[in-house]
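Colleague: Have a look at this one before I ask anything.
The values are calculated or read from the model by the stated rules, or taken from the named source; none is laboratory data. Quick caveat: nothing in here was measured; it's all calculated off a predicted structure. Glycine gets a Cβ as well: all are built from the backbone with ideal geometry, and neighbour counts include every protein chain shown. Surface accessibility is based on the protein's heavy atoms, side chains included, excluding ligands, DNA and RNA. Shrake-Rupley method; radii C 1.70, N 1.55, O 1.52, S 1.80 Å.
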Amino acid sequence: MLLALDISNTNIKFGLYEQDVMAYHWVISTVRQRTADEYAMIFSDLLRHAGHSLKDIDDIIMSSVVPPLTPVFQDLALRYCGHEATVVNYTLDLGIRLLVDNPWEVGSDRIMTIIAAHHLYGGPAIVIAFSTATTFDVVSADGDFLGGAIAPGLAISAEALSSAASQLYRVDITPPRAALGKNTIENMQSGIIYGHVGLVQGLIVRLRQEIPNVTNENEIKIVAHGGMAQQMAPIIPEIQYVNQYLPLEGLRLIYNRLKKR
């Protein structure tokens, strides 16, 4: 079995694959202070509920945008699973070109989601991650990474608003009954949610116009994933596909490419 690990700032996703099919998947909170032993015990419990153990894992591939946790999970892989984890980065043979100024700046999370999106939906495409940050990754018709945009995520925006204004407070990040708020909570929810909708729609318009060699902008796929994608997709009609497993699928595809070599 292949274990795919996606370590992000908010959550850690585990995907367990049997012959290219995701058999199980789990999500836990990212805690930077946890040790390899603590994470191993958590993962061991999850596996046990699925009828497996750490020794059933044949190989491991991982992506991490949390540098302190990268060696933690490398240690976990080696000591508890008996395998050295493959860590995704721009130096690997990914089968795509990173057509940006500094390829080493491109996070592995962005790499694997554009690979998965292009494989599943084709290109050109704009891949939107609604996570700690809201990121926009643009992939060409050939599957190359063209660049994108990074904006503060919904949770960051809500926290900044409540912490900077003494008379405002934290609210649930859910759409209000209307954009025209009738109380402070609805006012804040409208600004946070529908303001973010405007940000996303505006960037989609601009990015569509800047993708080269496109004769019909409607051919550009819009794909979303991330913790807030399910909430945002229904109120952003431009989004065509929502796939929460894009990062894990990207890891699987990268693993298969490296294995064939």
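Colleague: Could you say whether any residue in the stretch 222-239 is assigned to a helix (DSSP H, G or I), under 22 Å from T86 (Cβ atoms) and within 15 Å of the chain's Cα centre (by Cα)?
Modeller: no
Let's see how each residue does on (1) in contact (Cβ under 8 Å) with a residue 60 or more places away in the chain; (2) part of a loop (DSSP other than H, G, I, E, B); (3) surrounded by 12 or more Cβ atoms within 10 Å (Cβ to Cβ):
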residue	(1), (2), (3)
Q33	no, yes, no
S44	no, no, yes
L47	no, no, yes
G51	no, yes, no
K55	no, no, no
I61	yes, no, yes
L69	yes, no, yes
F73	yes, no, yes
Y80	no, no, yes
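Colleague: Okay, moving on. Can you pull out every residue in the stretch 121-139 that is outside any strand (DSSP E or B) and within 16 Å of V205 (Cα to Cα)?
Modeller: P124
Colleague: Hey, another quick one. From Q209, Q230, which residue is under 24 Å from Y17 (Cβ atoms), among the polar types (S, T, N, Q) and open to solvent by 50 Å² or more (accessible area, probe 1.4 Å)?
Modeller: Just a single option satisfies the conditions, and that option is Q230.
Colleague: Has the stretch 180-200 got at least one residue that is modelled with pLDDT of 85 or more, crowded, with 17+ Cβ neighbours inside 10 Å, under 30 Å from D144 (Cβ atoms) and touching a Gly at 6+ places or on another chain (Cβ under 9 Å)?
Modeller: Yes, because at least one residue in the stretch 180-200 is modelled with pLDDT of 85 or more, crowded, with 17+ Cβ neighbours inside 10 Å, under 30 Å from D144 (Cβ atoms) and touching a Gly at 6+ places or on another chain (Cβ under 9 Å).
Colleague: Please go through the stretch 82-112 and give me each residue that is closer than 28 Å to E38 by Cα and either open to solvent by less than 20 Å² (accessible area, probe 1.4 Å) or not charged (D, E, K, R) (or both), ordered by number.
Modeller: G82, H83, A85, T86, V87, V88, N89, G107, S108, M112
Colleague: Which residue is farthest from A233 (Cα to Cα), if the candidates are limited to the stretch 168-179 and must be hydrophobic (A, V, I, L, M, F, W, C) and crowded, with 17+ Cβ neighbours inside 10 Å?
Modeller: V171
Colleague: What are the residues in the stretch 7-22 that are open to solvent by 10 Å² or more (accessible area, probe 1.4 Å) and assigned to a strand (DSSP E or B), if any?
Modeller: N11, K13, E18, V21, M22
Colleague: Check whether at least one residue in the stretch 242-252 is in a helix (DSSP H, G or I), of a type in the set (A, V, I, L, M), in the same structural domain as G122 (by the TED database) and open to solvent by 30 Å² or more (accessible area, probe 1.4 Å), and report yes or no.
Modeller: No: the stretch 242-252 contains no residue that is in a helix (DSSP H, G or I), of a type in the set (A, V, I, L, M), in the same structural domain as G122 (by the TED database) and open to solvent by 30 Å² or more (accessible area, probe 1.4 Å).
Colleague: Looking at this structure, is V214 assigned to a helix (DSSP H, G or I), surrounded by fewer than 20 Cβ atoms within 10 Å (Cβ to Cβ) and over 20 Å from the mean Cα position of the chain (by Cα)?
Modeller: Considered against the rule, which asks whether it is assigned to a helix (DSSP H, G or I), surrounded by fewer than 20 Cβ atoms within 10 Å (Cβ to Cβ) and over 20 Å from the mean Cα position of the chain (by Cα), V214 comes out as no.
Colleague: May I pose another question? Of the conditions (1) over 27 Å from T70 (Cα atoms); (2) open to solvent by less than 50 Å² (accessible area, probe 1.4 Å); (3) aliphatic (A, V, I, L, M); (4) more than 16 Å from the chain's Cα centre (by Cα), A141 fails just one. Which one is it?
Modeller: Single failed check for A141: (2).
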